Amino acid sequence: MSICEYKPGLENIPATQSSISFVDGQQGILEYRGINIEELGQYSSFLETSYLLIWGGLPTEEELAEFEHEIRYHRRLKYRIRDMMKCFPESGHPMDALQACAAALGLFYSRRALDNPAYIRAAVVRLLAKIPTMVAAFQLMRKGNDPVQPRDDLDYSANFLYMLNEREPDPLAARIFDICLILHAEHTINASTFSAMVTASTLTDPYAVVASAVGTLAGPLHGGANEEVIEMLEEIGSVDNVHAYLDSCLERKAKIMGFGHRVYKVKDPRATILQDLAEQLFEKFGRDEYYDIAVALEQAVAEKLGHKGIYPNVDFYSGLVYRKMGIPTDLFTPVFAIARVAGWLAHWKEQLAENRIFRPTQIYTGARNAPYIPSEKRQSTQDKDLLAGLIAE
Ligand code: CMC
């Protein structure tokens, strides 16, 4: 075998073959199982889209009804999971809480039968059903309230918003939230999906697969960017400050959150849809003060960085949509996770169908045949100031 060139971030290196989703980064096209994202956003529901991603085709009416019924039936959390959550510090990030809860599910359903379709289906149903309940429960519990029980008469998205806000959502808000979930459900082999696939390839349980993906999604270069976008808009404060802010980022070589993508070199099609959804919400519920700043920033970035293919990604406008729905900023990434579970599970299933454990190679750059130095003759390799800081912390 020939020795390959090392590509940081594995840029342009195929790590799998997949029939789940397709991205054309030059044309701004995203398809799930061949169906355009715009069409799915217009006609589908999140659960129907999840079914499409996971089982490879749109469900019949009966299949969808059965799937929705199973999910409704499994929304509740075990009291022990709720008890575990009571011990979490309320100052902790909800993504950490979600990762711990997803992993804990594996304690209850530990029997691994990865070649049994019934086991696969039960895991899919449990994860899709329970993750929104976990996110909503942590939100209420950290405020000192009891979690709200899911309501069987509400559909997936309306029920999540109900559990979160303790009141039935406006139908437009619930539908827009459902579309947001569709848009975030899958996106080829991004960092968290890759993480899920690597974990899946060891034949561990699906709860560990999802927990590892949640941990990966949490970072600010991935799903965590939607939270940072709002903090950035807050910092900019007014349209008049947009150019000065951008210039200062460029000078410091700092990334502008919500912009840029490894694959898209044009505006992310999901950002276009999300911007439209934000406008629909503003029309009904009033304009968001940050929206004009966002639009001005998009224009300024296009002028200065458009030649590098830096345009808004999915995280740029999603935060403005969630903010208008009253979702707290640090829940934006958990909401992303609620949606992306569908994609992770689709890749888990695809990985199992033709599994080989991931075990890439490396290019070693360290020492060879180094002597073992007795402790009294060693020189420290640690930064003393840094260590002092860590100990004080
Ligand atoms: N602001 C300013 N410059 C940027 C940005 C940005 N947001 N993104 C990329 N660039 C520049 C970068 O400085 C580099 O310029 P040069 O070639 O002159 O050094 C060039 O574009 C390529 O950037 P890169 O960092 O090598 O690109 P990457 O493919 O490794 O990273 C990315 C992709 C998404 C991590 C990056 O664009 C980024 O950090 N964006 C900000 C964080 C963000 O919005 N993340 C959400 C990603 S999309 C959804 C998701 O995954 O959750």
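The values are calculated or read from the model by the stated rules, or taken from the named source; none is laboratory data. Predicted, not measured: the structure shown is a model, and the values here were computed from it. Please note: Cβ atoms are built from the backbone with ideal geometry, for glycine as well, and neighbour counts cover all protein chains shown. We work out accessible area using only protein heavy atoms, side chains counted, and drop any ligands, DNA or RNA first. Shrake-Rupley method; radii C 1.70, N 1.55, O 1.52, S 1.80 Å.
Summary table below
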item: Checklist (1) within 22 Å of H69 (Cα to Cα); (2) assigned to a helix (DSSP H, G or I) applied to A103, failing item; result: (1)
item: Conditions (1) more than 16 Å from the ligand (Cβ to nearest atom); (2) at pLDDT 95 or above; (3) open to solvent by 50 Å² or more (accessible area, probe 1.4 Å); number of the one not met by L277; result: (3)
item: Filtered residue count, segment 215-244, keeping only those that are within 12 Å of the ligand (Cβ to nearest atom), of a type outside the set (V, I, T) and open to solvent by less than 50 Å² (accessible area, probe 1.4 Å); result: 10
item: Boolean, I182 is at pLDDT 95 or above and within 20 Å of the chain's Cα centre (by Cα); result: yes
item: Y162, sole failed condition from (1) of a type in the set (S, T, Y); (2) closer than 30 Å to E283 by Cβ; (3) in a loop (DSSP other than H, G, I, E, B); result: (3)
item: Neighbours by Cβ (under 7 Å, 6+ apart or cross-chain): first from segment 289-313, within 10 Å of the ligand (Cβ to nearest atom); second in a helix (DSSP H, G or I) and open to solvent by 20 Å² or more (accessible area, probe 1.4 Å); result: K304/L250; Y311/A302; P312/E298
item: Selection count where residues are in contact (Cβ under 8 Å) with a residue 12 or more places away in the chain, open to solvent by 10 Å² or more (accessible area, probe 1.4 Å) and more than 6 Å from the ligand (Cβ to nearest atom), scope segment 248-271; result: 5
item: Test: residue in segment 168-180 that is within 16 Å of the ligand (Cβ to nearest atom), in the same structural domain as Y207 (by TED's automatic domain parsing) and either buried (at least 20 other Cβ atoms within 10 Å of the Cβ) or in a helix (DSSP H, G or I) (or both); result: yes
item: Top-ranked residue in segment 105-129 [being in contact with a helix residue (DSSP H, G or I) (Cβ under 6 Å, 6 or more places away or on another chain) and farther than 11 Å from V210 by Cα; ranked as surrounded by the fewest Cβ atoms within 10 Å (Cβ to Cβ)]; result: A113
